[in-house]
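The values are calculated or read from the model by the stated rules, or taken from the named source; none is laboratory data. Computed from a predicted structure; not experimentally measured. Reconstructed Cβ throughout: ideal geometry from the backbone, glycine too, with neighbour counts over all protein chains shown.
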Amino acid sequence: MADIRKRNGKRGVTWQARYRDKKTGKIRYKSFPRRMDAEAFLVSTHSSDYLHDSDSTSMADAADRWLEVCTTTGRKGREPVEASTARKYAEHAEIIKEMMGGVMLSQLTPPICNQFRDDLLGHYSRRYAKKILTSFKSILSQARTDEFLKSDPAENTAIILSQRYEKKDEMAIPSVEEVGLLLRKAAELANGSNAQIRKAWSRYAPFFYVLAYSGMRPCEAIGLPWKDVDFDSSTVDVTQDATETGEIGLPKSASAYRTIHMPQVAMTALKKWKQECPDGVLGLVFPNWKGGVESHANITNRGWYVLQKECGLLDHNRKPKYPLKSLRHVRASLEIHNGATAKEIQMLMGHSSVKITFDVYGHLFKDHEEERAARADLIADQLSACGEYVAS
């Protein structure tokens, strides 16, 4: 049953649509200022995508639910996200709630989602707006799993980064000269006359040496135990990492388990540091002074940023020029410069796929056009024995 009734009330004349909810079987009512709107609504209730507001939820509640799933049980069979990712998600969720929190999911339409995207682009950089929109669409995906949403109104809402934009925003990697300057300054601070500074940098200096020469992620270096350092073979095994909450956990993925061959200069720095390294039950190479897990923030703020300021490596805002993770990319860029293949870089860096390697370092691989042309001629020579084509 479904009908429309004319009502006279405090708001004047309204048109009340009465219908039976297909999901619950309950009789429901919804009022409209125009009869044509009520008629259009009744038509929409026959759609399999229709969901009553009382069976939906707000964007704010959906965002909170999404964060809870991401950080506790994990989405779609995945493990819960790490603390650093959870912090970024929470930041995105707050922005989404501020801009869309009061909107019911059942009221979302493609035009509303497109307007949200346009608002993001008006307030944030294109790259950051794309990240927020990705979280927005992930929230809607979780809402569909929870049956608060029937279809995806943001299916065709997107922010595309052009190749020109990608080129402009390429990952910042310190130059060889800058890395040399940074490591020399770190060694100078570790051997200076001030006892307090010397003590602090006796730990920071070898940490930055390891990061630059190994290509390890900062969390892998912070979580590195001495048992995984082999001075005889000059290798380091990656078998664990340290979270931002100070816990020792498994590496980022199965491919992150790897053995890295280290240059002698880095192993020498480690040998010297081992004599001063604080003992701890975890047996870490770079613990805090009590032997526990060092804070990512301490390494970054008291070590890395200070080192860049000492070397004058600042941006136009007088801020440190490079994030800590940029030091990890130095080994990879030099390996590529010296002829390493993408597959070798994938294994060195612990990427889960070679696609990630190309996404990060693709612009560093040379386009060997002359070599390809020479190989084409070589192949032709090798195949000529199979029979030569003669033009008629």
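Okay, here's what the table says:
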| read-out | value |
| --- | --- |
| Evaluation of A200 against (1) touching a strand residue (DSSP E or B) at 6+ places or on another chain (Cβ under 6 Å); (2) closer than 16 Å to V285 by Cα; (3) at pLDDT below 95 (one fails), failing number | (1) |
| Residue match in the stretch 94-101 (condition: among the aliphatic types (A, V, I, L, M), in contact with a Phe, Trp or Tyr (Cβ under 8 Å, 6 or more places away or on another chain), without any contact (Cβ under 8 Å) to a residue 24 or more places away in the chain and closer than 14 Å to M59 by Cα) | yes |
| Residue list for the stretch 276-300, filter: modelled with pLDDT of 95 or more and more than 16 Å from G223 (Cβ to Cβ) | none |
| Single match in E98, E91 (criterion: acidic (D, E), out of contact with any strand residue (DSSP E or B) (no Cβ under 6 Å at 6 or more places or on another chain) and over 26 Å from T243 (Cβ atoms)) | E98 |
| Single condition L270 does not satisfy, out of (1) over 23 Å from G180 (Cα atoms); (2) surrounded by 13 or more Cβ atoms within 10 Å (Cβ to Cβ) | (1) |
| Within the stretch 253-276, considering residues that are assigned to a loop (DSSP other than H, G, I, E, B) and in contact with a helix residue (DSSP H, G or I) (Cβ under 8 Å, 6 or more places away or on another chain), the one nearest to T85 (Cα to Cα) | M262 |
| Residues located in the stretch 291-322, provided they are of a type outside the set (K, R), without any contact (Cβ under 8 Å) to a residue 40 or more places away in the chain and not in a helix (DSSP H, G or I) | G291, G312, L314, D315, H316, N317, P320 |
| Positions within the stretch 58-115 being more than 15 Å from P153 (Cα to Cα), part of a helix (DSSP H, G or I) and touching a Pro at 6+ places or on another chain (Cβ under 6 Å), in sequence order | T71 |
| Test: D146 is assigned by TED's automatic domain parsing to the domain that holds D61, among the acidic types (D, E) and over 23 Å from the mean Cα position of the chain (by Cα) | yes |
